[in-house]
1. Using a Förster distance of 22 angstrom, determine the FRET efficiency expected from the C-beta separation of E36 and S106, and round it to 0.05.
2. In nm, to one decimal, how far is the modelled label at Q53 from the one at A70, with both set 7 Å along Cα→Cβ?
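Throughout, read-outs are computed from the coordinates displayed, never taken from laboratory work. Everything quoted here is computed from the prediction, not taken from an experiment. Cβ placement follows ideal geometry from the backbone for every residue including glycine, while neighbour counts extend to all protein chains displayed.
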Amino acid sequence: MFDQEEEMGLVSQSVEEVSSSGVLTYDDLVRLEIAEERQYLRELDLIIKVFRQAFTHGSKHFSAQDVELAFSNILEVHELTVKLLGLIEDAVEMTADGSPHPLVGSCFEDLAE
């Protein structure tokens with residue numbers, strides 16, 4: 001589930017595929033951004049499910065304030081990352097075949113509102 005070498009391979013594969021031609025197209029950048037957001041989400045999941053959970057459930061050495069201080073707004077960051085990734089993937093999926101590229105800038109505008 002949290003095999004980092006395998007996950008890092010996915011992102012580095014995307015970079016290698018893109019860099020083999022030497023030119024980054026808009027579509028390549030969007031695919032690379034999606035891969036990086038997925039990797040970031042996996043890392044957040046690791047922190048939340050493995051480390052934060054161990055502090056909140058297993059240890060009596062740390063108060064709720066200690067846990068809050070150490071992990072502050074990680075749940076909000078996770079939620080925002082899930083929303084952003086979903087919006088970008090939806091934008092790519094909804095792009096018509098005749099359209100030159102997905103308009104992912106609107107995803108960031110939607111989050112800003």
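1. Working: r = 19 Å, r/R0 = 0.87.
The formula returns an efficiency of 0.70 here.
2. A separation of 1.6 nm, rounded to one decimal place.
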